[in-house]
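Only one structure is covered here, and it is reproduced in the block below.
Every number in this text was worked out from the coordinates using simple rules, so none of it is lab data. This is a predicted model, so every value here is computed, not measured. All Cβ positions, glycine included, derive from the backbone under ideal geometry; neighbour counts span all protein chains shown.
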Amino acid sequence: MNSPILEIRALRAGYGPRNVLENISIALAAGEWFVLLGPNGCGKTTLLDCVVSRVIPSGGEIFIAGHSLRRESFAAKRQLGYGCAPDVLPALLTARQCLEVHAAAKGLSVIGDDLLSLADELRFTPYLEAFVDTLSLGTRQKLAVLLALVGDPLLIVLDEAFNGLDPASALLLKRQLRARIEQRGGALLLATHSLDIVEHYADRAAVLIDGKLQHVWPKDELQRLRNAPGDFEAALAAAMGS
Amino acid sequence: MTAPRLAAAKLILFNRRGRAGVKTRALLLSLARLVALVWMEAQAAPTLTWLRLHGLLYAGLAAVASAVTIARRRALKRAEFARSWLAAVPVSASIARWESLLIDTFPAIVAIGLLTIAAIAYTLVLLFAKRAEIFAPFALCAYLCCGIALGVIGSFLVPRPKPQDLPPGSRYVPHQKLQRTAKLRPSLSALGSWPIRQAFAWAQPKIVSRAIIPILVMMPLGTTADAAMAAIALFGMLGVLLLICSAVISASRFARQWLAPVPARPSDAIRAFLPPACAVMVAAGAIEALLLLAFNVSYRVSAEVGACTAVLGCLTASGGLLWYWRLKP
């Protein structure tokens, strides 16, 4: 069996004396789209921050494509693409420069044509020369996702990446992401509140409550919920409740 | 809630104090240090008499400063309140009037309070030091407080300034646009221009013009235009050094967070960041040396001062960079 693209083992993390995550273990296989659900403040963003090494965990281990994020950070990060929150993007660089810096940091000599054509399809190309602080929320969100896709990483990590996007762009992006992870044999970890993504795109979903994984829906259970008569959203909410 | 704006302002102040971890012990320690300083000053060189002789001048300056500050603050607070989360809360007209008066004049109230505390402390020190002029601090305090109070009243006569929003940081940043079709070339060189852009974003024309005013005020009467221009340029170069230095530190902190998920080598990032900023600082140091020469300072001293400021700037910027990219966990 192939090694998982992302493996989180007994992860614990927090801020100062406050513990946010308790004993989280997840493994994402190749081609898998994993959705992280949960109420506000439950620790979704902290979990993603640990995976992208923006927060140093207080315990546990994270492996990306078999590389330990703590011991082989450089090799692990080469396989990682992170769509940061729009307010983290540097205000005084242009969109072009953000892409160039990310590509250089990943050791690329050229930026792939597929990424440029995606930028074109998202109608992002006219904004390449604009400073980030002059871009609208949706356009910055597109830039954040494009940055995550630079270098065609094995693991894509997105935090509420479809917020502020127009419906057409969001749909295009979801289809592109689905196709990418299937073709590349990668995996996608997404934190979101929108259940339509779980209904139409997710292979597995998990609900995080008070820093603990409360329930993980495997592929077949999600399929059963999709096929069940009635409202998927209500069925999912009921399953979360139980 | 009878005065929601005031209550919210009070809570914000308390929260800020709590977040900053300001402890009563630290405040008392600072106060003790201040008293010790005042004691030393009272023992060494009495300046109170001189200060009291020029009391009217200080009162006038305090009046102008408080009039401008309060008028601007009123315009800003009015604009803020129009978009505030409390804008729709029902409040009676009389309460709204006095709470906005208190919020608008808050800096003046604080200044008067602090001056009074300082005057009482100073008087006590003078009393213990057995000095004759124990009422001098009160006289000085009275001049200043009257000046501030007059300024507050005068601020209502100042025509209301237009409320202005700060423009996006990039408005004053020069940027050569490339053709949309130009190829994307992976490179970290943009990191080098980031601190310089940040310095431009901070040095907005309005801020620069205000910074020049105190320099002009400091010029002795009879200064020629040439000398004044040279002096402004000298201060300008020092400003450039300070701005670039702070910009390098600020940008490197931000870049460290932004680039945390990518495999950027710290050495590469530092190499990209430093050279352009250091080049600007060296150029500023060289211009500073030339300007000092124009003031008839010797070649050697001019060169030393220029070199020292440039080296100091480069070292501070490098230290900040290293802290965020190498040392900080």
| field | Within chain A, percent of DSSP bridges classed antiparallel, to nearest 5 | value | 55
| query | Relative contact order (percent) for the range A:137-208, with alpha-carbon contacts under 8 angstrom and 6 or more residues of separation? | reply | 34
| task | Using Cα centres only, tell me the gap between the range A:42-119 and the range B:293-312 in whole Å. | result | 46
| Global form of the range B:63-103, assessed from the alpha-carbon gyration tensor, a/c cut-off 1.5 | oblate
| Cβ charges +1 (Lys, Arg) and -1 (Asp, Glu), total dipole of the range A:64-220, debye | 480
| What are the aspartates and glutamates whose alpha-carbon lies under 19 Å from the alpha-carbon of B:K183, with same-chain residues fewer than 8 places away excluded? | A:E100, A:D113, A:D114, A:D120, A:E121, A:E129, A:D152
| Out of residues 5 or more away from A:L208 or on other chains, whose amide H comes under 5 Å of its own, with H placed 1.01 Å from N in the peptide plane? | A:L37, A:G38, A:Q214
| note | For the range A:1-91 the chymotrypsin sites (Phe, Trp or Tyr not before Pro) that pass both the DSSP coil test and the at-most-13 other-Cβ-within-10 Å test are none
| field | Cα-centred dipole magnitude for the range B:176-228, charges only on beta-carbon of K, R (+1) and D, E (-1), debye, nearest 20 | value | 540
| Whole-Hz couplings from phi, Karplus 6.51/-1.76/1.60, listed for the range A:195-211; x for Gly and Pro | 6, 5, 5, 5, 5, 9, 10, 6, 8, 9, 9, 9, 10, 10, 10, 6, x
| request: Using label points projected 7 Å from each Cα along Cα→Cβ, tell me how many nm separate B:A32 and B:F156, to one decimal. | output: 4.5
| Computed helical MRE - 222 nm, chain A, DSSP H runs ≥ 4 contributing -39500 (n - 2.57), nearest 500 | -11000 deg cm²/dmol
| Considering amide H positions built from the backbone, and no H for Pro or chain starts, which residues 5 or more places from B:A260, or on another chain, come under 5 Å of its amide H? | none
| What length, rounded to one decimal in nm, is gained on full extension from B:A7 through to B:Q176, with 0.36 nm per residue of separation minus their alpha-carbon distance? | 56.0 nm
| Taking chain A and dividing mean pair separation by its residue count, relative contact order in percent (alpha carbons under 8 Å, at least six apart) | 27
| said: Can you tell me the orientation of helix B:106-128 relative to chain B, as the angle in degrees between its alpha-carbon axis and the longest Cα principal axis, to the nearest 10? | reply: 70
| message | Let me make sure I get this right: for the range A:107-167, a, b and c are the square roots of the gyration tensor eigenvalues over alpha carbons, sorted descending. Under 1.5 in a/c it's rounded, otherwise prolate if a/b > b/c, else oblate. Which is it? | response | oblate
| query | Quick one: Karplus J couplings for the range B:292-307, per residue in order, coefficients 6.51, -1.76, 1.60, θ = phi - 60°, nearest Hz, x for Gly and Pro? | reply | 5, 4, 5, 8, 6, 7, 5, 3, 5, 5, 4, 4, 5, 5, x, 5
| request: For the range A:1-151, give the magnitude of the charge dipole about the Cα centre (Cβ charges: +1 Lys/Arg, -1 Asp/Glu; no others), in debye to the nearest 20. | output: 460
| message | Given R₀ = 30 Å, what would the calculated FRET efficiency be for B:L57 paired with B:L293, taking r from the Cβ atoms and rounding to 0.05? | response | 0.25
| query | For the range A:1-49, what does the alpha-carbon gyration tensor say about shape, rounded, prolate or oblate, given a ≥ b ≥ c as the root eigenvalues, a/c under 1.5 as rounded, and a/b over b/c as prolate? | reply | oblate
| request: For helix B:225-258, report the angle its Cα long axis makes with the longest principal axis of the Cα atoms of chain B; keep it between 0 and 90° and round to the nearest 10°. | output: 70
| Within the range B:230-300, chymotrypsin sites (Phe, Trp or Tyr not before Pro) in DSSP loop having at most 15 other beta-carbon neighbours inside 10 Å | B:F295
| said: Per residue of the range B:263-271, what does 6.51 cos²θ - 1.76 cosθ + 1.60 with θ = phi - 60° give for ³J(HN,Hα)? Whole Hz please, x for Gly and Pro, Karplus curve as stated. | reply: x, 7, 6, x, 5, 5, 5, 5, 4
| query | Do you know the relative contact order of chain B, to the nearest whole percent, from alpha carbon pairs under 8 angstrom that are 6+ apart? | reply | 18
| Quick one: what Rg and Dmax do you get for the range A:47-123 from the alpha carbons, in Å? | 14.6, 42
| remark: Output for the range B:48-149: trypsin sites (Lys or Arg not before Pro) sitting in coil per DSSP, at most 11 other Cβ within 10 Å, listed by number, reads B:R83, B:K130
| field | Estimated distance in nm for a label pair at A:R226 and B:I215, the labels positioned 7 Å out from Cα along Cα-to-Cβ | value | 6.7
| task | Select from A:L149, A:P90, B:A79 the residue farthest towards the positive end of the dipole of the protein assembly as shown; place +1 on Cβ of Lys and Arg, -1 on Cβ of Asp and Glu, and compute about the Cα centre. | result | B:A79
| When B:S209, B:S170 are ordered from fewest to most other Cβ atoms inside 10 Å of their Cβ, what list results? | B:S209, B:S170
| Beta bridge orientation in the protein assembly as shown: antiparallel %, DSSP, nearest 5 | 55
| request: Specify which residue in the list B:S302, B:A272, B:P220 is farthest towards the positive end of the charge dipole of the range B:191-328, using unit charges on the beta carbon of Lys, Arg (+1) and Asp, Glu (-1), about the Cα centre. | output: B:A272
| note | Expressed in angstrom and rounded, the centroid-to-centroid distance over alpha carbons for the range A:205-226 and the range A:157-191 is 19
| How high is the FRET efficiency from B:K206 to A:N23, r the C-beta distance, R0 45 Å, rounded to 0.05? | 0.25
| request: Tell me the label-point distance for the pair B:A225, A:V88, using the 7 Å Cα-to-Cβ offset, in nm and rounded to one decimal. | output: 5.5
| query | Using the alpha-carbon atoms, what tilt in degrees (0 to 90, nearest 10) does helix A:95-105 show relative to the longest principal axis of chain A? | reply | 70
